[in-house]
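Okay, structure first, notes after.
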Amino acid sequence: MKIDIFQEKSFSVLVLTPQRIIFSSLRNEKNKYVIEKSEEIITPIFVRDTILRENLEKSLKILIERYKFKEVGFIINLPGIFFQRITIPRTGNPLSSITNYLQATLPFPLEKYEFIYLEDIYHLSGNLANYNLFFFPKEIKEEILDILQSLDLTSFFIVPAFEIILENLIYKALISVNESFLVFYFDESIANIFFIENLRIDKLFIEEIDKEKTNFELFIERFKNYFESQGKKFNILILSDFDLKISNYKYLKIKSIEFINEGSLLLLKKIFQDQPFFDFLSLKPSRIYFLIKIRKTLSLASIFLISLLLIYLGGFVYLDFRLNSKKVELKKEISQISSGGSELFEENLKYFIELANKISQRKEKRDEFLKLTKFYNLEYLNEDTREAIFILNKDEVEKFKTEISKIGLDININEEIVDKDKVRARLRF
């Protein structure tokens, strides 16, 4: 589900670092977002792997009172987040396979961490797959969500800061696809160090620093020597929010707030076009956005009935509950509302019923598609990325295409010859 965020008049972003919290308000001007306001509050937020709740709540209350925002995107620039790429056999249930792999290989208890994954943009052929994983301590995530809830704030997303930094590096053409880069990004009390190949992250390190005490010459040399010892050839790119006392390297002086804000604009376009990104929340931004739009446009009485309808709708999606049988009953309930917002609610109900019908049709088509997996040789299926691979006999191809066309889904088929008798059919549905 794509969202046109440019219909919104404003959008707010918060960046959390160990020693400060940065707020930015983005304003819509002629279907393009620009940075309207930006402010940072300097106060200890994260010390010795612990969120200082009182300081964070106090800072957020000041910003909420000043800027009157209720929804926000959250960017985390904290130590404790780490990255890993793994290669495992490709399956129809990657989450289960990744979890089993991590439980068998990680040197720490997996249950203490939240992890998110995306398949690498460079897909492997055959039965193996590369997955990029980010880990984040569960206690910190739960603490942040609890604070947001206590302040009645809704978060569209919670992303690691590296997403923002990488988006802006690519946009400003500071890195290129034909070269490898060792990037140092120094922001007040935190350093993001990542090794980039083909515009994708290969290694990531996040460390706390002291801009007065850290010997940055030695700091940079440590990572440079590590990657050179692995036979890597690369360029070094250094960006810093403050003056660095180094003589052997050149660096680019930046204003971290501006750099993060620019990257936030780029990430927002990616997020609200429903493109994949690393998000520590389980709900997609599109679904959160959808719920917020309902809350903003309906009266309290309407919210109650829409909540009831959402329950019916959720039951339909997950329990195959038939919403159509409830339409008459819901309309009777609506007619009992005595508020002046009945016309508004009728319009929203009509939208919900249309949405329910569309979901019903798509689910039926999806079920028909999945039935094909029982009759043809399914090599790979990923419902998150909507990809499937079948191995077909050549004499099955036309029949297979005919059955696919009957389903009515928007499906693209690419064929690859496996051998003289077999064809690999790749589908995106």
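Computed from the coordinates by the stated procedures, all read-outs in this text should not be read as laboratory data. Quick caveat: nothing in here was measured; it's all calculated off a predicted structure. Because the Cβ atoms are built from the backbone with ideal geometry, glycine has one as well, and the counts that use them run over all protein chains shown.
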Query raised in the report: Residue-wise, which Karplus ³J(HN,Hα) couplings in Hz belong to segment 134-143, taking 6.51 cos²θ - 1.76 cosθ + 1.60, θ = phi - 60°, and x for glycine or proline?
Result: 10, 10, 9, x, 4, 4, 5, 4, 5, 5
**Report entry** Net charge over other residues, Cβ less than 10 angstrom from the Cβ of Ile35 (K, R count +1; D, E count -1)
**Finding:** -1
Query raised in the report: Binned at 10 Å from 0, what are the whole-percent values of the Cα-Cα distance distribution for segment 111-264, short to long?
Result: 9, 33, 36, 18, 4, 0
Requested in this report: Name the shape class, rounded, prolate or oblate, that the alpha-carbon gyration tensor gives for segment 40-170, where a ≥ b ≥ c are the square roots of its eigenvalues, rounded holds for a/c under 1.5, and otherwise prolate holds if a/b is larger than b/c and oblate otherwise.
Outcome: prolate
